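Written out below as structure tokens is the structure these notes cover.
The values are calculated or read from the model by the stated rules, or taken from the named source; none is laboratory data. Remember, it's a predicted structure, so these values are computed and weren't measured experimentally. All Cβ positions, glycine included, derive from the backbone under ideal geometry; neighbour counts span all protein chains shown.
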């Protein structure tokens with residue numbers, strides 16, 4: 001098959017041998033691709049800068065005709081995103097975003113919006129804005145993957161969220177046998193604002209953190225597995241069912 005050259009973010013990498021690695025890359029055009037890079041741990045001019053999680057580079061990929069790993073034939077490191085490692089909270093936020101991307105996006109489907117959202121988060125993370133950066137990323141990747149929550153205006157308390165349907169509702173209108181989460185009226189208003197503007201910049205820090213936690217738990221419900229980075233980033237609080 002023809003060789004592909006694309007800009008990629010390394011979502012995860014594993015040691016394969018003393019000199020080689022396997023990795024999951026989110027590329028701009030090809031989507032999530034799992035690759036085997038032979039010689040990535042050696043001083044090889046084909047792999048300048050090394051292949052590390054949370055970095056961006058130009059990847060030379062030889063796709064596989066079957067379901068096996070593609071071959072990483074080259075990697076030119078372009079960006080290390082230093083600010084994403086400038087503090088423990090920023091590090092948690094960047095690792096959380098990488099974990100969401102690798103679990104939420106299917107392999108082999110182009111998701112340029114999600115790629116740009118992840119790149120923007122890694123480049124823009126600061127200790128004083130990680131909450132809004134994470135919300136912007138989650139909102140964009142959920143929308144891009146087809147899981148954008150349905151947020152209606154004017155709901156009266158008590159308000160709940162139905163994760164199976166992905167929508168806010170009045171508790172009186174919800175099926176009592178379905179899973180539902182209590183939602184504070186202030187959080188519901190922040191979600192309405194986010195839905196209108198598609199930007200977390202209009203949210204205060206506390207609202208952004210609550211909305212980010214809410215969306216993070218929604219991702220957990222969608223992928224049906226624990227996110228190892230969720231609690232380190234947002235703390236132990238979990239959704240409460242009425």
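Might you check whether a residue that is assigned to a loop (DSSP other than H, G, I, E, B) and either farther than 15 Å from residue 9 by Cβ or modelled with pLDDT of 95 or more (or both) occurs anywhere in segment 97-105?
Initially, segment 97-105 is screened for residues assigned to a loop (DSSP other than H, G, I, E, B), giving 105.
Applying the additional criterion that residues be either farther than 15 Å from residue 9 by Cβ or modelled with pLDDT of 95 or more (or both) yields 105.
Within segment 97-105, one or more residues are assigned to a loop (DSSP other than H, G, I, E, B) and either farther than 15 Å from residue 9 by Cβ or modelled with pLDDT of 95 or more (or both).
Report the residue count in segment 164-176 for those that are in a strand (DSSP E or B), within 18 Å of residue 221 (Cβ to Cβ) and modelled with pLDDT under 90.
Residues that pass the stated criteria total 1.
Tell me which residues, restricted to segment 72-101, are surrounded by fewer than 17 Cβ atoms within 10 Å (Cβ to Cβ) and in contact with a strand residue (DSSP E or B) (Cβ under 9 Å, 6 or more places away or on another chain).
Step one: list which residues in segment 72-101 are surrounded by fewer than 17 Cβ atoms within 10 Å (Cβ to Cβ), which gives 76-80, 82-83, 85-89.
Correct list: 76, 77, 78, 79, 80.
Kindly check whether there is at least one residue in segment 215-231 that is assigned by TED's automatic domain parsing to the domain that holds residue 159 and over 20 Å from the mean Cα position of the chain (by Cα).
No: zero hits.
Looking only at residues that are out of contact with any strand residue (DSSP E or B) (no Cβ under 8 Å at 6 or more places or on another chain) and modelled with pLDDT under 95 in segment 129-156, which one is farthest from residue 96 (Cα to Cα)?
From segment 129-156, those out of contact with any strand residue (DSSP E or B) (no Cβ under 8 Å at 6 or more places or on another chain) are 129-148, 153-154; that's our starting set.
Pick out the ones that are also modelled with pLDDT under 95 and you get 129, 153-154.
Working: 129: 15, 153: 29, 154: 32 Å.
The selected residue is 154.
What residue, of 201, 185, is over 22 Å from residue 240 (Cβ atoms) and assigned by TED's automatic domain parsing to the domain that holds residue 100?
Answer to the selection: 201.
Mind listing whichever residues of segment 17-40 are at pLDDT below 85 and under 27 Å from residue 100 (Cβ atoms)?
Scanning segment 17-40 gives a single hit, 40.
Could you tell me whether residue 106 is under 15 Å from residue 24 (Cβ atoms), in contact with a strand residue (DSSP E or B) (Cβ under 8 Å, 6 or more places away or on another chain) and surrounded by fewer than 23 Cβ atoms within 10 Å (Cβ to Cβ)?
On the way: under 15 Å from residue 24 (Cβ atoms): yes; in contact with a strand residue (DSSP E or B) (Cβ under 8 Å, 6 or more places away or on another chain): yes; surrounded by fewer than 23 Cβ atoms within 10 Å (Cβ to Cβ): yes.
Yes.
Taking the residues in segment 146-162 that are touching a residue at least 60 places away in the same chain (Cβ under 8 Å) and part of a loop (DSSP other than H, G, I, E, B) as candidates, determine which candidate is surrounded by the most Cβ atoms within 10 Å (Cβ to Cβ).
149
For segment 50-85, name all the residues that are under 19 Å from the mean Cα position of the chain (by Cα) and in a loop (DSSP other than H, G, I, E, B). So that I can check it myself, show each step before the final result.
Within segment 50-85, the subset under 19 Å from the mean Cα position of the chain (by Cα) is 52-57, 79-85.
Listed by number, the residues that qualify are 52, 53, 54, 55, 80, 81.
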